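Since the structure comes first, as C-alpha cells, the remarks are kept for the end.
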Amino acid sequence: MKKNTHFFICTVAVLVLLSCSAKKASTAASPSASQWRSAVKGQWMLESIEKSNFPKGFNVKTVFEEAPAECFAESNWNLMGNGKGSITFSASGQLCAPGAVRDIFWSVYNPGKGNGEPQFQFKKIYPGDKAKNVTEGYRLDLIYADEQKMTMRMPLSVDGQTAYLVLNFKK
C-alpha cells in the first residue's frame, strides 16, 4: 500500500512539472496580454500605413471612421498606462485637421486560452463621454512591439476576403 501511494505521488508530481513546462513554452512563443500591454504603452508616431491583400485599385475612404489614411500619417498616439490616451493629428490635406486631438480609451483584449491572440482595442471618447458607457470601438491585431517599433494590423472585409491595413509605429 505504501509503495502504491509513493508511486501515485511521484506520478502526480511529474505530471504537474510537465504541465508547468508546457505553459512556459507556449507563453514564450506568443506574448501574453499583460506583456503586450507593457510593450504598447508609451508615446508612438504612426510612421506608415500599408495595404495588405487589397484588390488592385481599392481605396480606403476613412480609417476608424475618422479621416482618410493619409491624415493619420505622422499622428502621435499617446497610450498611457491607465488606459487613457489620445491621437494627435499633424498631417495637412483636404480632409485632414492638423493639431486636432482625439481622446481614446485603450486596452489589450485577451480572448482567453485557445481563442486567439491578444488584440489592441480602443474606443473614441468624445467630450462628456465616459469610457464605460461607450460600447463601440476598434480592434487591431498585435504583430510586433519593442522599445522602438510597433506594428498592428487592422482586418477589413473587402469583396468577401480579409484585407489588412498595417500600421507601423516608431517611438
Mind running the shape call on the stretch 31-170? Use the C-alpha gyration tensor, a ≥ b ≥ c as the square roots of the eigenvalues: rounded below 1.5 for a/c, prolate if a/b tops b/c, oblate otherwise.
-> rounded
Measuring from label point to label point, each 7 Å out along Cα→Cβ, what is the LYS149 to SER86 span in nm?
-> 2.9
Pop a pseudo-label 7 angstrom from the Cα along the beta-carbon direction at both GLU74 and GLU117 and give the gap in nm to one decimal.
-> 3.0
Between LYS56 and ASP129, what FRET efficiency comes out of the Förster formula 1/(1 + (r/R0)^6) with R0 = 41 Å and r the beta carbon distance, rounded to 0.05?
-> 0.55
Within 10 Å of each residue's Cβ, count the other Cβ atoms and sort THR135, THR151 from fewest upward.
-> THR135, THR151
Using the Karplus equation 6.51 cos²θ - 1.76 cosθ + 1.60 (θ = phi - 60°), what ³J(HN,Hα) coupling, rounded to whole Hz, does each residue of the stretch 56-70 give in order, writing x for Gly and Pro?
-> 4, x, 6, 10, 8, 6, 9, 10, 6, 6, 10, 6, x, 3, 4
Neighbouring Cβ atoms within 10 Å as the yardstick, rank LYS132, LYS41, LYS171 fewest first.
-> LYS132, LYS171, LYS41
With +1 on each Lys and Arg Cβ and -1 on each Asp and Glu Cβ, and nothing else charged, work out how big the dipole of the stretch 53-171 is about its Cα centre, in Debye to the nearest 20.
-> 200
Whether the stretch 50-102 is rounded, prolate or oblate, judged on the alpha carbon gyration tensor where a/c under 1.5 counts as rounded | oblate
If each part is reduced to its alpha-carbon centroid, the stretch 60-107 and the stretch 31-45 end up apart, in Å, by 18
Cross-link pairs LYS56/LYS84; LYS132/LYS170; LYS51/LYS130; LYS41/LYS113 - those with Cα-Cα distance over 27 Å | LYS56/LYS84; LYS132/LYS170; LYS51/LYS130
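Read the figures in this text as sums done on the coordinates, not as results from a lab. In this text, all values refer to a predicted model and were calculated from it rather than measured experimentally. No Cβ is skipped: glycine too gets one built from the backbone with ideal geometry, and neighbour counts run over all protein chains shown.
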